[in-house]
Structures are given as structure tokens and as C-alpha cells.
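Throughout, read-outs are computed from the coordinates displayed, never taken from laboratory work. These numbers come from a predicted model, not from an experiment. When we count neighbours, we look across all protein chains shown, and the Cβ atoms used for this are built from the backbone with ideal geometry, even at glycine.
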Amino acid sequence: MNHQMKKRMKTLTKIFKATLCLTIVGGIMAACSDDENIFQPRLPQNGGSPVVSIEHLGTVPSCFDWTFHYSGPSMTQAVGTRRDPEPAHDKSYSYTSSLSYGEMSVGIKNSSKENVSVRLNALGYIQTMEVGNDTYNFNYDLNGYMMNWEKISRENSFGQVQQFITRAAITFRNGNLEKVVYTEPDDKPVVITFTSTTLPNMNGLLPATTSKELGCLGFEHLYYAGLLGRSTANLVKSVHYDFADGTHNDYTTEYEYSVRNGNTVLCNYHTKDGNVASVKYGY
């Protein structure tokens, strides 16, 4: 092959790669350089502003505050601080998570020194994640909405390995969260029913207080990085908890929002004990 032919083939290869640079698959953006395809997940997928900080105020349930950093559309670092209703434990633990991207792959390194490995599905969402001795499995429908998840925890005792499984089945209707059936090890299911507002969820927010049931408590940053499925279409108006074990009282949490310049900046609600709490979002 002469020099001119080689030059032409190289030019055609660059043109071909350029046609792949912005491919939308299930709401996930993949981009490429001259040399390789670079996976660039993002949330929200509707063009709204991404969240850069989440702060819980008032009497808070077990949750995490977050600060996010991005490079282009993709999250590269997140700092999480655990919040706890017990003052002695509140803000007693923080960690930093760094994310890097390859060709349809994600690398995650946490300052907690736990080994983290993930495998993505064809839509670019996390299918399996291993964190230390725990394994998480996530399944999604063809539109990218999470259908179910499970966490398998393993404990070693006198040479024997015990497994404990926490799981949930998730139902979406018309793009909105409708129901979650959540089950902890050796316990009866809890049914969580969602009612939506007419306000669009422009920033892709998780419904406040439901991270545990949606399978991402302590690693909400991976959801906000666009790696755990699509967000509910509208902001959530209320969440009703129905306990089948008979030892807990059913209750409903209602949310009120403040929106500024198209961004949801505040969510107010009452805890199940009647205390006032808020979530503040920064952009």
C-alpha cells in the first residue's frame, strides 16, 4: 500500500470514528476521541443541570451528604459524609470516591480502601458491583429504568460462609416511580408506594429518604453519575410505607419543593416521627 493510500485510509478511519462520537443509548452518552471511544455517562439525561451538592438539614434519617465534581458531563469525584439521627454518630464518617472511564467501562477507587469492581450492561448501567465481600446485582428494563436489585453480604465464621440477601423489586409507570417492594434478610417485605407531582424532575433527583429501598444508600453518587438507571420523570409528592410484619406502623412522607431558575433547590418533609427535615441541592 503506497503512502497516499495509507493516508486516505487513515482519514476514512477518523471520519468513521467521528460518526460514533455522540451515540445515545438508553439515555447514556458515549463520546470518542481520535484514538478510542470514551464512555461519558451523565445525569440528568434531559439536559437539566447536574447536582453538585446535597445537604441534609434538621432531624435527618440515616443518609449521606454529598459533594460532586465533574469533567464535562461525567462525574469524576464524589465526597460523601454519613448523617445519623444520633448526634454521637452524625458526620462521624466520610469517604472520597474517584471515577475514571474507558471504553464502556468505569473504574472506581474509594478512600475507604475497599476493592470495588463493576461490570456494565449494554446500556451503560452497572449490572454487577463487588465491594469487599458484598456483591450487588442490578437489572433494568429496555428503557433503562431499574427493575430490581439485590445485595449479597457474606460473613466468615469458623471457616463457614454465611450469605444474607437484601433485595427490592421496582415498578415504574409512564416514567415515574410507582412502587418498591423491599425485603431485608429474614424479614417480611415492605411495600413503598410513590405518588408523583406534576413538576418535572429536571435535575434527576432521587426521592428524599428512599436511598436504602432504591439500593444505593452510601453510594448515591453512582446514581447521580448516571450509572444506576434513569431517574423518575416527575418529582415525588409522597411516599407511603406499608409494613407486613405487624411490628411497625404504616406511615406516609409528603414532600414540598422550592424551584429556582428551573432547578430544584430545596425539599422539605416531615420524618415518620413528625420532625421537620430538609434536603438542600446545589448546582
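Starting from the Kirkwood radius over alpha-carbon pairs of segment 112-192, derive D by Stokes-Einstein at 10 °C in a medium of 1.306 mPa s and give it in µm² s⁻¹.
Result for D is 112 µm²/s.
For the residue pair residue 38 and residue 110, what label-to-label distance in nm results when each label sits 7 Å from Cα along the Cα-to-beta-carbon direction?
2.7 nm
Using a Gaussian network model of the chain whose springs link C-alpha atoms within less than 10 Å, name the residue from 220, 130, 86 with the highest mean-square fluctuation.
86
Count charges around residue 123 for me, please; just the other residues with Cβ under 14 Å from its Cβ, Lys/Arg as +1, Asp/Glu as -1.
Net charge in that neighbourhood comes out at +2.
Just want to confirm a number: the relative contact order over segment 113-177, from Cα pairs under 8 angstrom separated by 6+ residues, in percent.
Relative contact order of segment 113-177: 20 percent.
With an 8 Å Cα cut-off and a minimum separation of 6 or more residues, compute the relative contact order for the chain in percent. If you can, show how the numbers build up before the last one.
Working: 623 pairs, mean separation 47.2, N = 283.
The value is 17 percent.
Over segment 73-162, what is the mean sequence separation of C-alpha contacts under 8 Å (at least six apart), divided by residue count, expressed as relative contact order in percent?
Relative contact order for segment 73-162 comes out at 14 percent.
What shape does segment 166-230 take by its C-alpha gyration tensor, where a ≥ b ≥ c are the square roots of the eigenvalues and a/c under 1.5 counts as rounded, a/b above b/c as prolate, and the rest as oblate?
oblate
How many angstrom lie between the Cα centre of segment 36-115 and the Cα centre of segment 238-260?
Using only Cα atoms, the two centres lie 25 Å from each other.
Ranked from highest to lowest mean number of other Cβ atoms within 10 Å per residue, what is the order of the peptides 242-249, 163-170?
Descending packing order for the listed peptides: 163-170, 242-249.
Would you calculate the convex hull of the Cα atoms in segment 186-283 and tell me its volume per residue in Å³?
Spelled out: Cα convex hull of segment 186-283, divided by residues, is 113 Å³.
Using the beta-carbon distance between residue 280 and residue 158 and R0 = 35 Å, what value does 1/(1 + (r/R0)^6) give for FRET efficiency, to the nearest 0.05?
On the way: r = 47 Å, r/R0 = 1.35.
Once the sixth-power term is evaluated, E becomes 0.15.
Among 195-204, 227-236, what's the highest-first ranking by average C-beta atoms within 10 angstrom per residue?
With the highest mean Cβ count within 10 Å placed first, the list reads 227-236, 195-204.
Provide the net charge surrounding residue 283, with neighbours chosen by a C-beta distance below 15 Å and charges set as Lys +1, Arg +1, Asp -1, Glu -1.
+2
Fully extended, how many nm does the chain gain between residue 247 and residue 174 (0.36 nm per residue separation, minus their Cα-Cα distance)?
22.9 nm
Starting from the Cα of residue 199, step 7 Å along the direction of its Cβ; do the same at residue 117; then give the gap between the two resulting points in nm.
4.3 nm
Would you look at the GNM of the chain, springs on alpha carbons closer than 10 Å, and say which of 262, 48, 72 moves the most?
72
Pairs on different chains or at least eight residues apart, Cα atoms closer than 22 Å: how many lysine pairs in segment 142-283 fit?
Step by step, the pairs that qualify in segment 142-283 add up to 15.
So what is the calculated 222 nm ellipticity per residue for the chain, using -39500 (n - 2.57) for each DSSP H run with n of 4 or more, over all residues, to the nearest 500 deg cm²/dmol?
Helix contribution divided over all residues of the chain: -2000 deg cm²/dmol.
Over the Cα atoms of segment 46-172, Rg to Rh with Kirkwood Rh, two decimal places?
That ratio equals 0.99.
Once the piece of chain linking residue 187 and residue 256 is laid out straight, how much longer is it, given 0.36 nm per residue of separation minus the C-alpha distance between them?
Gain in length upon complete extension: 21.7 nm.
Please report, largest first and rounded to whole Å, the three semi-axes of the ellipsoid equivalent to the chain, where each semi-axis is the square root of five times an eigenvalue of the C-alpha gyration tensor.
36, 23, 18
Tilt of helix 3-18 relative to the longest C-alpha principal axis of the chain, in degrees (0 to 90, nearest 10)?
The two axes meet at around 20 degrees.
Over segment 234-283, what number does the Rg to Rh ratio reach, with both radii from the alpha-carbon atoms and Rh per Kirkwood?
Using Cα coordinates only, the ratio equals 1.09.
Just subtract the alpha-carbon distance of residue 49 and residue 127 from 0.36 nm times their residue separation and send over the number in nm, one decimal.
Numbers: separation 78, 0.36 × 78 = 28.08 nm, distance 2.59 nm.
Taking 0.36 nm per residue and subtracting the Cα distance, the gain is 25.5 nm.
Report the paramagnetic label zone for residue 141: residues of segment 220-245 whose backbone N is under 18 Å from a point 7 Å from Cα along the Cα-to-Cβ axis.
Once the point is set 7 Å along Cα→Cβ of residue 141, 228-236 turn out to lie under 18 Å by backbone N, inside segment 220-245.
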